[in-house]
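**Q** Below you will find the structure I want to go over with you.
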Amino acid sequence: IIAEYGDTRRPHMSRVMPNVLPSIILVLVLLAQLTLAAKPNIVLMVLDDVGWADVGYHGSNFPTPHIDALSASGTRLDRMYAMPQCSPTRAALLTGRYAFRTGMQHYTTIFPATSAGIPFDTPTMAELFSQANYSTHAVGKWHLGMSSWAQTPTRRGFDSYLGYLQGQTDYYNRTMASCKQPVCLFKNNANAPGFPQADTRQGDGYDFWDSERPAFQGFGEYTGDAYNKRVESVIAESTQEDRPFFLYFAEQQLHIPLQAPPQPEHLARCRNVTGGSINTNRTILCSMASKMDEAVGKLVDSLQRHGQWDNTLIWVVSDNGGMTHWGDQFPASASSNWPLRGGKATAFEGGVRSVSFLAGGYLPSTAVKEHSSLLHVTDILSTLAHVAGISMPSGIDFDGINAWPSILGEEKAAVRSEIPLNIDTNPMRQIGGPAPHGGTTANFSALIVWPWKVIVGATCNPGLVNAGLVMDGWWTIQNYSRILPPAPSNGSQAQVLLFNLETDESEHFDLAAQHPNLVTQLTNRISGYWASEAHGFRRSQLNLPLKLGNPRYHNWTWAPFLPSIRHSKYWRKPAGEAEGRFVESTV
């Protein structure tokens, strides 16, 4: 300026601005681009009940080419661990805290019409991302509380939601029975008047929601197609925003009920996959895996078409192992976790070892291709918060570690040596109903202190009679069949098993008798630390179906039924939202 106009202390703005403005605008644009680059879009895709051997890159005969290709392009997480069942895992994943810190470790998962849910003093991943100026969207399964609207996705940090609130729903009718053998939650709903009966269903309640309204318009459409449309919409609309997005895509597949998608090509790809039974058919499960794989392909295609691929990080994780064919009735399925032992609802590796990988254009090319260090689903929040530049709130004991340096292969990265897989103890050995432990077992706990793993008490779902006799073992991939486990050394359920995962990841050899001192150390670690209230342990929340939640009182929908007297301390009502959306009402 001085060179052009001379030594003028206060140059006339009309002469300065034409030359300065372009530079200022350029700087602002560059700063905006740098800010956006520092805050990538995040897609967290949670697969439901996908077994270790239900994906092609683990040797499955299920067709999953998109999953195989996407995982090969990124970082495969070989030692990612979850909880044995879904709502405990989802609670741990979205809060970064072990489920036994929040009372969400129910071996039954949380029931329909229960008051249990993520506590209001614990922030969710969506609430933290929302406060960091992310748009936040949830698609698919919730299963983390719904007794009041305050427990549902749009009041736990998500700007939008499409999906179902319970643990499962029909893929076509979007309904779940309220009284059907072997589980009848509300006996007075059997042969209930005013509701159509079909396929032996009793008192079905509708459970499919668009934010806080029932989404009846999609009745009869396969839910997977509805999810894909919403994901496409979220990504397309993100191009019109000046902020990044966080998408929580909680895929419904491969959870029961087993229902083939309508497109014939999925069953055609599985014509040579057989096994299971009529009710729990492996061919149908395979077709659902093909449909799930299609969703992954559509996600990638949408990100690329809308120019969002380069600035998006994708994290895919299964909520637990696959449910195996241990029976012909609810809740059995036809997954394989080969060569791992057991499956969903067990403390064996087949129940808690999760299929997981990272990918996307934002993942640096220097990231390791195979990550073999221990990880737990609680690490996902800490890692993604670091990537997005989000500060974790003080005053809360988060359990996850930031795994990003380890994923990038840094030499001095923090790694885990210990994972409490499940800490679920109860001194009341026998109480009526499922609150919180039925049966006679008082323990369903497991701990890894690498390379050792100890299982204390029940090895399989304590709520199922003789679970250890039917849910334990190995299910093969080809010629799908069960290989029986060795006879237990102790006939009672109050057993302790010890495995060396470094030499025996398939858990064939119980070494408890050979290492009694080590067993004592590990069991003391569970009882003296992890199960101690002084160190943050919280007993399971009350988990009973409440009468007010009966869908017959809510126009036959599984709707919230209690007033939202309290909200999460981290929730913010979206700016500009009409007050009417948050007025409590029945459906």
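The values are calculated or read from the model by the stated rules, or taken from the named source; none is laboratory data. Fair warning: this is a prediction, and the values are worked out from it, not measured in the lab. Cβ coordinates were reconstructed from backbone atoms using ideal geometry, including for glycine residues, and neighbour counts include every protein chain displayed. The accessibility values were calculated without ligands, DNA or RNA, using every heavy atom of the protein model including side chains. Shrake-Rupley method; radii C 1.70, N 1.55, O 1.52, S 1.80 Å.
**Q** Kindly provide the set of residues from segment 527-540 that are within 24 Å of Ile118 (Cβ to Cβ), in contact (Cβ under 8 Å) with a residue 60 or more places away in the chain and assigned to a helix (DSSP H, G or I), ordered by number.
**A** Restricting attention to segment 527-540, the residues satisfying the condition of being within 24 Å of Ile118 (Cβ to Cβ) are 529-540.
Within this subset, residues satisfying the condition of being in contact (Cβ under 8 Å) with a residue 60 or more places away in the chain are 530-531, 536-540.
The answer is Trp530, and nothing else.
**Q** Which pairs turn up if I take residues in segment 276-297 that are among the hydroxyl-bearing types (Ser, Thr, Tyr) and look for partners that are assigned to a helix (DSSP H, G or I) and open to solvent by 10 Å² or more (accessible area, probe 1.4 Å) with beta carbon separation below 6 Å, at least 6 apart in sequence or on another chain?
**A** These pairs meet every condition: Ser287/Leu267.
**Q** Can you pull out the residues in segment 80-132 that are within 23 Å of Gly342 (Cα to Cα) and basic (Lys, Arg)?
**A** Answer for segment 80-132, where residues must be within 23 Å of Gly342 (Cα to Cα) and basic (Lys, Arg): just Arg90.
**Q** If we keep just the residues of segment 227-263 that are under 15 Å from Met288 (Cβ atoms) and assigned to a helix (DSSP H, G or I), which is most open to solvent (accessible area, probe 1.4 Å)?
**A** Asn228
**Q** A further question follows. Name the pairs: first residue in segment 118-147 and over 18 Å from Glu212 (Cα atoms), second residue among the β-branched types (Val, Ile, Thr) and surrounded by fewer than 24 Cβ atoms within 10 Å (Cβ to Cβ), Cβ to Cβ under 6 Å, at least 6 apart or on different chains?
**A** Here the result reads Pro119/Thr102; Thr122/Thr102; Leu128/Ile390; Ala132/Ile390, each pair linking segment 118-147 to a residue that is among the β-branched types (Val, Ile, Thr) and surrounded by fewer than 24 Cβ atoms within 10 Å (Cβ to Cβ).
**Q** Just wondering, is there one or more residues in segment 178-186 that are in a loop (DSSP other than H, G, I, E, B), over 15 Å from the mean Cα position of the chain (by Cα), surrounded by fewer than 24 Cβ atoms within 10 Å (Cβ to Cβ) and of a type in the set (A, V, I, L, M, F, W, C)? Please lay out each step first, then the result.
**A** From segment 178-186, those in a loop (DSSP other than H, G, I, E, B) are 178, 181-182, 185-186; that's our starting set.
Imposing the further condition that a residue be over 15 Å from the mean Cα position of the chain (by Cα) reduces the set to 178, 181-182, 185-186.
After this cut, where a residue has to be surrounded by fewer than 24 Cβ atoms within 10 Å (Cβ to Cβ) as well, the list is 181-182, 185-186.
Checking which are of a type in the set (A, V, I, L, M, F, W, C) leaves us with 185-186.
Checked against the condition, which is being in a loop (DSSP other than H, G, I, E, B), over 15 Å from the mean Cα position of the chain (by Cα), surrounded by fewer than 24 Cβ atoms within 10 Å (Cβ to Cβ) and of a type in the set (A, V, I, L, M, F, W, C), segment 178-186 yields at least one hit.
**Q** Among (1) at pLDDT 95 or above; (2) crowded, with 22+ Cβ neighbours inside 10 Å, there is one condition Gly205 misses while meeting the rest; what is its number?
**A** Every condition holds for Gly205 apart from (1).
**Q** Anything in segment 294-311 that is open to solvent by 10 Å² or more (accessible area, probe 1.4 Å) and of a type in the set (Gly, Ala, Ser)? List them, or say none.
**A** Of everything in segment 294-311, those that are open to solvent by 10 Å² or more (accessible area, probe 1.4 Å) and of a type in the set (Gly, Ala, Ser) turn out to be Gly297, Gly307.
**Q** Can you tell me how many residues within segment 279-293 are open to solvent by less than 10 Å² (accessible area, probe 1.4 Å), within 19 Å of Arg482 (Cα to Cα) and among the hydroxyl-bearing types (Ser, Thr, Tyr)? So that I can check it myself, show each step before the final result.
**A** Pass one, segment 279-293, residues open to solvent by less than 10 Å² (accessible area, probe 1.4 Å): 280, 282, 285-293.
Now narrow it down to the ones that are within 19 Å of Arg482 (Cα to Cα): 280, 282, 285-286.
Right, trim to among the hydroxyl-bearing types (Ser, Thr, Tyr) and you get 280.
Total satisfying the criteria: 1.
**Q** Continuing with the same structure: Just to be sure before I move on: is Pro364 closer than 24 Å to Ser302 by Cα and open to solvent by 10 Å² or more (accessible area, probe 1.4 Å) in the structure I sent? Give the steps one after another, and end with the answer.
**A** Numbers: closer than 24 Å to Ser302 by Cα: yes; open to solvent by 10 Å² or more (accessible area, probe 1.4 Å): yes.
When the stated conditions are applied, Pro364 passes them.
**Q** For a quick check of your reading of the model, give me the residue pairs whose first member lies in segment 341-360 and is open to solvent by 10 Å² or more (accessible area, probe 1.4 Å), whose second is modelled with pLDDT of 95 or more and among the aromatic types (Phe, Trp, Tyr), with beta-carbon atoms closer than 6 Å and at least 6 apart or on different chains.
**A** Arg341/Phe348; Arg341/Trp474
**Q** I'd like to verify a number: residues in segment 541-554 that are in a loop (DSSP other than H, G, I, E, B) and open to solvent by less than 90 Å² (accessible area, probe 1.4 Å), how many?
**A** Residues that pass the stated criteria total 7.
**Q** Considering only segment 391-423, how many residues are without any contact (Cβ under 8 Å) to a residue 60 or more places away in the chain, under 27 Å from Ala345 (Cα atoms), of a type in the set (S, T, N, Q) and surrounded by 13 or more Cβ atoms within 10 Å (Cβ to Cβ)?
**A** So the count comes out to 0.
**Q** Confirm whether Thr114 is more than 12 Å from the chain's Cα centre (by Cα) and within 14 Å of His143 (Cβ to Cβ). Step through it out loud before you land on a result.
**A** Working: more than 12 Å from the chain's Cα centre (by Cα): yes; within 14 Å of His143 (Cβ to Cβ): yes.
The answer is yes for Thr114.
**Q** Starting from residues that are among the hydrophobic types (A, V, I, L, M, F, W, C) and open to solvent by less than 70 Å² (accessible area, probe 1.4 Å), keep the ones in segment 515-540 and report whichever is farthest from Arg101 (Cα to Cα).
**A** Per the criteria, the residue is Leu518.
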